[in-house]
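K.L.:
Here you go, one structure.
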Amino acid sequence: MSDVVITGFGATTPLGGDAPTTWEGLVAGRNGVHTLTEDWAADLPVHFAAEAVDDPTNHIPHPKARRMDRSSQLAIVAAEEAWADAGLELPHDADGEPVDNGIDPERLVVCCATGIGGLHSLLGQWDIQKDRGFRRVSPFTIPMLMANAPAANVGLLVNAKAGVHTPVSACASSSEAISLGLDQIHLGRADIAVVGGTEAVIHPLPVAAFSQMQALSKRNDDPEHASRPWDADRDGFVLGEGAAVLVIETIEHARARGARIYGTLAGAGISADSHDLVQPDPTGAGQASAMHKALVAADLSPTDINHVNAHATSTPQGDLAEAHSIRTTLGAAADQVLVNGTKSMTGHLLGGAGALETFASVMALLRRQVPGTINIEHLEEDLPINVVRKTTALPDGDLAALNNSFGFGGHNVTLAFTNANATR
């Protein structure tokens, strides 16, 4: 099978309205978590979240934006950036006329995930029906609320005809979408894929629901320090929103068009805990299985790994289970591996998290620096991993990294990457 390389990135996140600004924020240890200013937030047990800093409607024509849920809007912004970053033209000009951009649409696939879907549209239109009657419900409600809407909109944007797919696997969704795009290329169904994920559910109902199940941090008096993976005093995750999108393609396809290469998507591993609907298996066995499968698929050994971008949501049980699963998978080699938790800065983007952390993982290899894990005041005792607390340099030579994403339902996905100059 041909190597699959990453040639474009796009992101709109709590740290920045594009990929470069987001990376700068990660390296600087900038915090994207703030107190919510909406009136409804004051009535809830949690008053803070990590909102996307840039309004996506600033970049989408109003008639088009009003027919999309916020999740689709964020996905479109990230996808347009990734497509341009890959050195590609859109297949239509500003007037909608076709443009020959050199990409065969029959060899182009989109895999764009979400964990929850068009929640703002669903609940907003329900409020309209209750208050103003069914005749005032928008005829675009279904296309806005359906979970596949972000993928469908991205597919229309780039004219993808080899397939448009939407994995929905909770917080593992966008990593599964990236894995699916890799599979489509390896199966010979596409030469190039637009992959990633999006989420926009900072709304009273999800905040209340996650809070009721004791999943969210309740540090209302100190929200910027609420997301603290592996800290002994962590008390839950911080809800975030945003989108991240990648362009991946065979190395032959990339070279033929003279594309810049960020790194290699070397392999993926997927497993399921089959333990509990919301709690991870405390042994970490399913997570270790996904990591092991990713190593095998990428033809990497534990001693090849330099960095792990952990799922690390800042929950008491989840962080420990993952730490032990990393040690189980890498063994003694884990002592030399730099492990970080970027959700300490971005909050948890749910269905968009894996794609954002893929971006962070690949950039860490490319720039040879691993962003730190902020907000750790009292590191959990006897952790079997090497947690990075400030931006730390990686060595010269070939590099490899793993990115973990785990979701409610027991979904486990690990992606493996090598740097652009690595030999395999």
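The values are calculated or read from the model by the stated rules, or taken from the named source; none is laboratory data. All values derive from a computational prediction rather than experimental measurement. Every residue, glycine as well, gets a Cβ built from its backbone with ideal geometry; the counts of neighbours run over all protein chains shown. Ligands, DNA and RNA are excluded from the accessible area calculation, which covers all protein heavy atoms including side chains. Shrake-Rupley method; radii C 1.70, N 1.55, O 1.52, S 1.80 Å.
K.L.:
For the range 224-236, enumerate the residues that are more than 17 Å from Gln212 (Cα to Cα) and surrounded by fewer than 24 Cβ atoms within 10 Å (Cβ to Cβ).
P.N.:
If the condition is that a residue be more than 17 Å from Gln212 (Cα to Cα) and surrounded by fewer than 24 Cβ atoms within 10 Å (Cβ to Cβ), then Glu224, His225, Asp231, Ala232, Asp233 are the ones that fit.
K.L.:
Within the range 385-398, identify whether any single residue is free of Cβ contacts under 8 Å to residues at least 40 places away in the same chain, over 16 Å from Thr22 (Cα atoms) and either within 18 Å of the chain's Cα centre (by Cα) or assigned to a strand (DSSP E or B) (or both), and answer yes or no.
P.N.:
yes
K.L.:
Here is a check on your reading of the model: is Thr328 touching a Phe, Trp or Tyr at 6+ places or on another chain (Cβ under 9 Å) and either free of Cβ contacts under 8 Å to residues at least 24 places away in the same chain or closer than 20 Å to Asp382 by Cβ (or both)?
P.N.:
no
K.L.:
What's the number of the only condition in (1) in the same structural domain as Ile178 (by TED's automatic domain parsing); (2) in contact (Cβ under 8 Å) with a residue 24 or more places away in the chain; (3) out of contact with any Phe, Trp or Tyr (no Cβ under 6 Å at 6 or more places or on another chain) that Leu216 fails to meet?
P.N.:
It is condition (3) that Leu216 fails.
K.L.:
Separate question: Take the range 35-47 and flag every residue that is open to solvent by less than 70 Å² (accessible area, probe 1.4 Å) and in contact (Cβ under 8 Å) with a residue 12 or more places away in the chain.
P.N.:
Leu36, Trp40, Ala41, Leu44, Pro45, Val46, His47
K.L.:
What single numbered condition from (1) more than 29 Å from Gln214 (Cα to Cα); (2) outside any loop (DSSP other than H, G, I, E, B); (3) not hydroxyl-bearing (Ser, Thr, Tyr) fails to hold for Trp40?
P.N.:
Single failed check for Trp40: (1).
K.L.:
Considering each of Thr418, Thr373, Thr342 in turn, give the residue that is in contact (Cβ under 8 Å) with a residue 12 or more places away in the chain, under 21 Å from His225 (Cα atoms), more than 14 Å from the chain's Cα centre (by Cα) and surrounded by 24 or more Cβ atoms within 10 Å (Cβ to Cβ).
P.N.:
Thr373
K.L.:
Could I ask something else about it? Collect the residues in the range 157-200 that are under 23 Å from Leu402 (Cα atoms) and either among the basic types (Lys, Arg) or in contact with an Asp or Glu (Cβ under 6 Å, 6 or more places away or on another chain) (or both), keeping them in residue-number order.
P.N.:
Pro167, Ser169, Ile192, Glu199
K.L.:
I would also like to ask the following. Suppose we keep only residues that are on the phi > 0 side of the Ramachandran plot and open to solvent by 10 Å² or more (accessible area, probe 1.4 Å) within the range 237-279. Which one would you say is modelled with the highest pLDDT?
P.N.:
It comes out as Gly258.
K.L.:
Among the residues of the range 107-122, are any among the polar types (S, T, N, Q) and surrounded by 18 or more Cβ atoms within 10 Å (Cβ to Cβ)?
P.N.:
Checking the range 107-122: at least one residue is among the polar types (S, T, N, Q) and surrounded by 18 or more Cβ atoms within 10 Å (Cβ to Cβ).
K.L.:
Please count how many residues of the range 1-29 are outside any strand (DSSP E or B) and closer than 30 Å to Val109 by Cβ.
P.N.:
Total satisfying the criteria: 13.
K.L.:
Inspect all residues belonging to the range 290-301 and state whether any of them is surrounded by fewer than 21 Cβ atoms within 10 Å (Cβ to Cβ), in the same structural domain as Cys171 (by TED's automatic domain parsing) and out of contact with any helix residue (DSSP H, G or I) (no Cβ under 6 Å at 6 or more places or on another chain).
P.N.:
no
K.L.:
Kindly provide the set of residues from the range 142-186 that are open to solvent by 40 Å² or more (accessible area, probe 1.4 Å), more than 18 Å from Val413 (Cβ to Cβ) and either assigned to a loop (DSSP other than H, G, I, E, B) or in contact (Cβ under 8 Å) with a residue 60 or more places away in the chain (or both), ordered by number.
P.N.:
Pro143, Leu145, Met146, Asn148, Asn159, Lys161
K.L.:
Being under 14 Å from Asn386 (Cβ atoms) and within 21 Å of the chain's Cα centre (by Cα) is the filter here, so list the residues in the range 279-333 that pass it.
P.N.:
Ile305, Asn306, His307, Val308, Asn309, Ala310, Ala312, Glu322, Ala323, Ile326
Residue-wise test of (1) free of Cβ contacts under 8 Å to residues at least 24 places away in the same chain; (2) open to solvent by 30 Å² or more (accessible area, probe 1.4 Å); (3) under 20 Å from Cys112 (Cβ atoms); (4) part of a helix (DSSP H, G or I).
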| site | (1), (2), (3), (4) |
| --- | --- |
| Ala49 | no, no, no, no |
| Ala52 | no, no, yes, no |
| Thr57 | yes, yes, yes, yes |
| Ile60 | yes, no, yes, no |
| Arg67 | no, yes, yes, no |
| Ala75 | no, no, yes, yes |
| Glu80 | no, yes, yes, yes |
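K.L.:
Could I ask something else about it? Right, Gly32: surrounded by 22 or more Cβ atoms within 10 Å (Cβ to Cβ) and assigned to a strand (DSSP E or B) or not?
P.N.:
Against the criterion (surrounded by 22 or more Cβ atoms within 10 Å (Cβ to Cβ) and assigned to a strand (DSSP E or B)), Gly32 does not qualify.
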